[in-house]
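Each remark here refers to the structure printed beneath this line.
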Amino acid sequence: MKKLRIKQHTRTDFLTYLGVIILFVVMNILKSNGTLSRSLTGQLVPICCYMSMAVSLNLTVGILGELSLGHAGFMSVGAFSGIVAAMSLQNIIPAVPLRLAVAMIIGAAAAAIAGAIVGTPVLRLRGDYLAIVTLAFGEIIKDLVNCLLVGYDSKGLHMAFNLTGSKTIDDLGMKEGGIAIIKGAQGATGTTTIATFTAGFILVMVTLFVVLNLKHSRAGRAIMALRDNAIAAESVGINITKYKMMAFVTSAALAGAAGALYGLNFSSLQATKFNFNTSILILVFVVLGGLGNLWGSLIAAAALTVLPELLRAFSDYRMLVYAIVLILVMLTTNNPTLKTFFSRFKLHKPTGKEAV
């Protein structure tokens, strides 16, 4: 029976990887043939970022069972730290793919540090404290970036906080030929866009690999035990804080990598992009796809990112249609009759005799 269970989740993981690979190949073919519209082509990288964000948030919400409302804050940390890294390393690392990879790693590391700072005091508490603190964290990060001035010249990075609103980029004291990377409320402007659809595909695959392997590991089983019953898990010796931090920091790091790729896809990016609404949108991807269901998160993220673009023909009514479609899908997926229907297609579980 144990062997069968291992084979079952291995087959599901394999189909998940295969589905993403097939989707990537199909999109590349459509893109090369000119079948995709310009707007949809421009959405390919953001879709990959949102897919990665949805899977990483599902690690916290679906697998760990903790509600986080500030996932866009970790994405913002990764985005702006990745942009700073990529722009300041242009002369040191001329190879674009390598520079993009380094920027994403730095974005992931910065978000992981932020996740550890937020999670260390909060994850020791119970209830909805995590949701409240992560919500506040997202707003704090947005305000900090709005006050941040960053530039780069031959001497290195120059940083300053424009708390009073009286400073400008000239106050950084850069040499001639220096570049302004982040300009306070204007955000990051003049960014060299180096993000690619291939990098987005790799990001999604890495995110799936990390989350799926963590889920099926011994640590993953401990994390899910905490979700099901924290008191019972603690009574058998499971370190609650350790495993909560493991899941939360991993989720934040993956969000940071997605944010770095997202930020390097646009020449101009403001901190207001990563507001509360973005966190809620990512949470909608997770809930709509199913808590703990990574394949569902991928589909929901891709579909709900593309849907507003497909509904542009409805002009001013497109967001109304989007909301109606969202409500109908939620009602449909929670319909008992449909749940019973789809349950018939699940892998047959063996009885005692069959297991023997």
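Brief remarks follow.
- Taking amide H atoms as placed 1.01 Å from N in the peptide plane, the amide H of Ile181 lies under 5 Å from those of Val150, Gly151, Tyr152, each 5 or more residues away in sequence or on another chain.
- Å² of accessible area per residue within the stretch 152-232, as computed with a 1.4 Å probe and no ligands counted: 55 Å²
- Extension gain, Thr10 to Ser217, is 73.3 nm, computed as 0.36 nm per intervening residue step minus the present C-alpha separation.
- Entries of Lys215/Lys242; Lys31/Lys183; Lys155/Lys183; Lys183/Lys273; Lys31/Lys215 with Cα pairs more than 26 Å apart: Lys31/Lys183; Lys31/Lys215
- Percent carbon-and-sulfur accessible area, the stretch 105-240, ignoring ligands, DNA and RNA, probe 1.4 Å: 61 percent
- 3J(HN,Hα) along the stretch 67-78: 8, 10, 10, x, 5, 5, x, 5, 5, 5, 4, x Hz, from the Karplus curve 6.51 cos²θ - 1.76 cosθ + 1.60 with θ = phi - 60°, whole Hz, x for Gly and Pro.
- Solvent-accessible area per residue for the stretch 70-150 (1.4 angstrom probe, square angstrom): 41 Å²
- Computed FRET value (nearest 0.05) for Ile324 with Lys242, which takes r as the C-beta separation and R₀ as 56 Å: 0.80
- Using θ = phi - 60° and Karplus 6.51 cos²θ - 1.76 cosθ + 1.60, couplings along the stretch 216-232 (whole Hz; Gly, Pro as x): 8, 7, 4, 5, x, 5, 5, 4, 5, 5, 5, 5, 6, 6, 5, 5, 5
- Per-residue packing, averaged as other Cβ atoms within 10 Å, sorts the ranges 188-201, 49-62 into the order 49-62, 188-201, beginning with the highest.
- Listed peptides 215-221, 260-266, 293-299, 241-247 appear in the order 260-266, 293-299, 241-247, 215-221 once ranked by packing, highest mean of other Cβ atoms within 10 Å at the front.
- Using θ = phi - 60° in the Karplus curve 6.51 cos²θ - 1.76 cosθ + 1.60, the 3J(HN,Hα) couplings for the stretch 164-172 round to 8, x, 9, 8, 10, 5, 5, 6, 6 Hz; x is entered for Gly and Pro.
The values are calculated or read from the model by the stated rules, or taken from the named source; none is laboratory data. None of these values were measured; they are calculated from a predicted model. Here the Cβ is made from the backbone with ideal geometry for all residues, glycine too, and neighbour counts use every protein chain on show. Protein only, heavy atoms only, side chains kept; ligands, DNA and RNA dropped before computing areas. Shrake-Rupley method; radii C 1.70, N 1.55, O 1.52, S 1.80 Å.
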